[in-house]
Amino acid sequence: MTNEKAYQGSCFCGAVRFTVRSEPAAMGYCHCESCRWWSASPVNAFTLWKPDALTITAGAHNIGTYNKTPHSNRKWCKTCGGHIFTEHPGLGLVDVYAAVIPDLPFKPGLHFNYQETKLPMKDGLPKFKDFPKEAGGSGALVAE
Ligand SMILES: [Zn+2]
Ligand SMILES: [Zn+2]
C-alpha cells in the first residue's frame with residue numbers, strides 16, 4: 001500500500017494512455033527553438049519526471065519516436081500525431097508535456113532558455129538564460 005499519487009494522461013485522440021506517479025522533479029516553461037519548432041507553439045510547458053515514474057497503460061505500439069539528436073527521444077501518437085513526451089537520456093529525465101496530463105495541477109516553477117523567448121512572461125519566476133547548472137547549463141539568470 002502506498003499514498004503515492006498517480007495522474008492519468010493521454011495523447012490527443014486517446015489511443016495512447018499513460019500514468020505518471022509521485023511528483024515531477026520540476027515543472028515550468030521552455031522557450032528554446034527546438035521546443036517551439038517541434039510543438040509549433042511559442043513556448044513548451046514541461047513536467048520532468050524520473051523515467052520509472054511513467055507507465056504506458058494503453059497503445060504502446062502506437063507511439064512513434066523521432067530523434068533529431070541523441071539527447072531527445074521525441075514520442076508522439078501515430079494516429080493523431082499528438083505529442084506525448086520526450087525522453088532526455090543524458091539528464092535521466094522524461095518531459096511529459098503538461099498539456100497531456102489534465103489531472104496534474106500544473107505549478108510552473110522556472111523558465112528554461114529564456115534568452116530565446118518569443119513570448120515574454122512576466123510571472124516573477126526564475127528565468128534561466130539556458131539551463132540550471134545541475135542540467136548542464138550555465139545557471140545564469142536573465143531579466144524578464
Ligand atoms: Zn492519439
Ligand atoms: Zn526546450
**Complete:** Only one of (1) away from ligand 2 (no atom under 15 Å from the Cβ); (2) under 30 Å from Q115 (Cβ atoms); (3) in a strand (DSSP E or B) does not apply to T57, and that is (2)
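Does E4 satisfy the condition of being charged (D, E, K, R), surrounded by fewer than 19 Cβ atoms within 10 Å (Cβ to Cβ), closer than 25 Å to L110 by Cβ and touching a residue at least 40 places away in the same chain (Cβ under 8 Å)?
It is false that E4 is charged (D, E, K, R), surrounded by fewer than 19 Cβ atoms within 10 Å (Cβ to Cβ), closer than 25 Å to L110 by Cβ and touching a residue at least 40 places away in the same chain (Cβ under 8 Å).
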**Message:** Among the residues in segment 9-25, are any in contact with a Lys or Arg (Cβ under 6 Å, 6 or more places away or on another chain) and either in contact (Cβ under 8 Å) with a residue 24 or more places away in the chain or away from ligand 1 (no atom under 16 Å from the Cβ) (or both)?
**Reply:** yes
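Determine whether segment 133-144 contains at least one residue that is in a loop (DSSP other than H, G, I, E, B) and surrounded by 19 or more Cβ atoms within 10 Å (Cβ to Cβ).
No, because not a single residue in segment 133-144 is in a loop (DSSP other than H, G, I, E, B) and surrounded by 19 or more Cβ atoms within 10 Å (Cβ to Cβ).
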**Request:** Answer yes or no as to whether H31 is at pLDDT below 95 and closer than 26 Å to P126 by Cα.
**Result:** no
**Asked** Name the pairs: first residue in segment 105-121 and under 9 Å from M27 (Cβ atoms), second residue assigned to a loop (DSSP other than H, G, I, E, B), Cβ to Cβ under 7 Å, at least 6 apart or on different chains?
**Response** P108/L125; G109/L125; L110/L125; L110/P126
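The values are calculated or read from the model by the stated rules, or taken from the named source; none is laboratory data. No experiment lies behind these values; they were computed from the predicted model shown. Virtual Cβ from ideal backbone geometry, glycine too; neighbours counted across all protein chains shown.
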